[in-house]
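Here is the structure we will look at, set down as structure tokens.
The values are calculated or read from the model by the stated rules, or taken from the named source; none is laboratory data. Given the structure is predicted, the values throughout are model-derived calculations rather than measurements. Methodologically, a virtual Cβ is constructed for each residue, glycine included, from the backbone with ideal geometry; neighbour enumeration extends over all protein chains shown.
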């Protein structure tokens with residue numbers, strides 16, 4: 001049974017990887033992806049981490065690693081980038097990079113996405129292993145199937161963006177910390193610290209693990225039946241110290257020790273939260289603290305500061321046909337409700353009820369390790385309700401919810417429990433069936449509660465449904481329909497759409513006859529609003545609507 005299960009796990013992981021490799025060329029460069037790639041290249045070629053500093057560098061560096069062996073990539077953009085923290089140049093440079101590499105731009109994008117397939121496979125292995133060790137072989141299989149069949153996971157696994165790497169890294173922190181609470185060994189301690197350092201190199205969201213880890217460590221330490229309690233206070237303190245030092249070294253290594261030894265006085269802050277100004281302020285300059293060495297990579301701290309400056313501003317947010325600048329505190333819960341498969345939502349609800357009504361022999365600490373990180377990500381994101389736009393911000397919570405759901409696969413002898421397990425596998429089958437019907441539109445996937453991908457544009461906007469991904473399919477439709485002229489286009493992205501279409505189109509104009517294509521962003525707020533209520537003659541993917549104006 002064990003050998004057969006291993007083969008099945010390997011086949012599922014191979015299937016997911018092959019499917020991702022097949023679908024990668026079908027998607028055009030998305031709005032953030034087009035900026036991450038030049039930002040990753042500048043890390044390698046100039047040893048600089050200031051471009052796109054609001055995201056740590058590891059995902060984009062791994063994504064652009066295959067591009068280092070491509071001699072035909074133009075690197076002219078490197079001379080345009082500066083290190084001024086008051087400006088964000090990544091999107092201006094992304095357009096320049098696309099223009100100067102127009103002939104092979106899509107090939108560059110596709111090669112950079114290969115790293116995402118590795119992250120997908122690593123995440124699948126980790127989620128299978130954790131569920132297996134927690135609940136048994138059936139649970140491990142269920143968790144892996146849910147991972148392979150989850151549209152949000154697959155969609156971001158096929159992009160050169162940090163969302164899936166951050167999700168997998170967060171899962172690795174949770175898994176290695178749980179192993180540490182079971183063994184208390186030096187090896188698991190070092191693994192946990194390394195996972196934490198890698199997580200901090202993927203996204204600033206994982207700063208949550210610093211207070212969360214202390215809380216979880218304190219709970220594990222208080223568990224008198226756990227191995228950590230038996231270590232004694234000195235060895236427990238040593239564990240925390242090793243985790244901290246290992247994570248610190250991993251973080252500096254990810255930034256190639258650039259700025260190591262520099263002082264706090266050289267740091268420039270642009271957010272009001274940290275005492276800076278919009279044009280930059282050296283708040284430690286001239287003070288005794290200014291002479292102290294910088295404890296963390298300067299680019300890492302600058303990224304946190306710049307991101308906080310962005311949070312201090314306003315952003316137009318969209319939900320259910322409404323735009324506003326204040327957002328909604330329940331946005332992310334709603335977003336997961338319409339973006340996750342109905343089967344997974346049912347499994348999460350059943351797992352929560354099962355945990356509350358019938359906690360098994362599993363130690364409470366293990367349940368805390370599963371549910372608390374997911375809740376922390378959701379709460380932290382929801383507190384910034386003025387920036388509620390992208391459900392992908394809470395993607396790191398999804399693996400923990402999948403592990404919790406896999407609990408239902410555990411065979412129990414009582415009839416009610418066996419019935420629950422049967423229902424759980426039916427829900428898994430529903431998830432697989434729903435995803436199979438829409439596998440080619442994973443980024444714009446919406447479940448049956450939301451009316452499917454066809455109605456997703458009404459519920460949410462931007463990266464949830466329209467991230468510029470359908471330009472390749474639009475080009476294909478234009479080639480197949482040469483009579484669709486005159487043709488007008490409203491399209492949102494940071495690079496010139498002519499990189500893909502090779503044609504230039506006028507913007508839409510109300511009342512002018514011909515064919516009009518608008519993306520979902522333009523339809524809900526922009527040049528295509530006057531087409532709301534009209535029936536398109538065809539939809540390109542989930543994000544582009546084509547109308548014929550008589």
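Remarks
- Residue that is nearest to residue 90 (Cα to Cα) [pool: residues in segment 505-541 that are in contact (Cβ under 8 Å) with a residue 60 or more places away in the chain and buried (at least 20 other Cβ atoms within 10 Å of the Cβ)]: 521
- In the set 549, 544, only one residue is buried (at least 23 other Cβ atoms within 10 Å of the Cβ) and either in contact (Cβ under 8 Å) with a residue 24 or more places away in the chain or in the same structural domain as residue 321 (by TED's automatic domain parsing) (or both); that residue is 544.
- Of everything listed in (1) in a helix (DSSP H, G or I); (2) touching a residue at least 60 places away in the same chain (Cβ under 8 Å); (3) under 30 Å from residue 307 (Cβ atoms), the single unmet condition for residue 258 is (1).
- Residue within segment 524-533 that is in contact with a strand residue (DSSP E or B) (Cβ under 7 Å, 6 or more places away or on another chain) and at pLDDT 95 or above present: no
Quick grid of which residues meet (1) in a strand (DSSP E or B); (2) out of contact with any helix residue (DSSP H, G or I) (no Cβ under 8 Å at 6 or more places or on another chain); (3) assigned by TED's automatic domain parsing to the domain that holds residue 379:
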{"residue": "242", "(1), (2), (3)": "no, no, yes"}
{"residue": "265", "(1), (2), (3)": "no, no, no"}
{"residue": "275", "(1), (2), (3)": "no, yes, no"}
{"residue": "290", "(1), (2), (3)": "no, no, no"}
{"residue": "300", "(1), (2), (3)": "no, no, no"}
{"residue": "308", "(1), (2), (3)": "no, yes, no"}
{"residue": "328", "(1), (2), (3)": "no, no, yes"}
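- Within segment 489-523, tally of residues that are under 25 Å from residue 105 (Cβ atoms), in contact with a strand residue (DSSP E or B) (Cβ under 7 Å, 6 or more places away or on another chain) and assigned to a helix (DSSP H, G or I): 1
- Screening segment 117-159 for residues that are in a loop (DSSP other than H, G, I, E, B) and touching a helix residue (DSSP H, G or I) at 6+ places or on another chain (Cβ under 6 Å) and picking the one that is farthest from residue 31 (Cα to Cα) gives 149.
- Residue within segment 297-312 that is more than 21 Å from the chain's Cα centre (by Cα), surrounded by fewer than 12 Cβ atoms within 10 Å (Cβ to Cβ) and over 23 Å from residue 435 (Cα atoms) present: no
- If you check 411, 359 for being in contact with a helix residue (DSSP H, G or I) (Cβ under 7 Å, 6 or more places away or on another chain) and modelled with pLDDT under 75, only one passes: 411.
- Flag for residue 296 being part of a loop (DSSP other than H, G, I, E, B), touching a helix residue (DSSP H, G or I) at 6+ places or on another chain (Cβ under 7 Å) and modelled with pLDDT of 95 or more: yes
- Tally, over segment 313-327, of residues that are surrounded by fewer than 19 Cβ atoms within 10 Å (Cβ to Cβ) and in contact with a strand residue (DSSP E or B) (Cβ under 8 Å, 6 or more places away or on another chain): 5
Yes or no, residue by residue, for (1) without any contact (Cβ under 8 Å) to a residue 40 or more places away in the chain; (2) surrounded by 19 or more Cβ atoms within 10 Å (Cβ to Cβ):
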{"residue": "435", "(1), (2)": "no, yes"}
{"residue": "449", "(1), (2)": "no, no"}
{"residue": "457", "(1), (2)": "no, yes"}
{"residue": "471", "(1), (2)": "no, yes"}
{"residue": "496", "(1), (2)": "no, no"}
{"residue": "503", "(1), (2)": "yes, no"}
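- Helices (runs of 4 or more DSSP H) within segment 28-111 that include 1 or more residues within 24 Å of the chain's Cα centre (by Cα) and closer than 25 Å to residue 278 by Cβ: 33-46, 90-100
- Any hit, segment 250-260, residues being under 26 Å from the mean Cα position of the chain (by Cα), more than 17 Å from residue 299 (Cβ to Cβ) and surrounded by 13 or more Cβ atoms within 10 Å (Cβ to Cβ): no
- Reported count of residues in segment 474-488, each being in contact with a helix residue (DSSP H, G or I) (Cβ under 8 Å, 6 or more places away or on another chain) and either surrounded by 21 or more Cβ atoms within 10 Å (Cβ to Cβ) or more than 24 Å from residue 107 (Cα to Cα) (or both), is 4.
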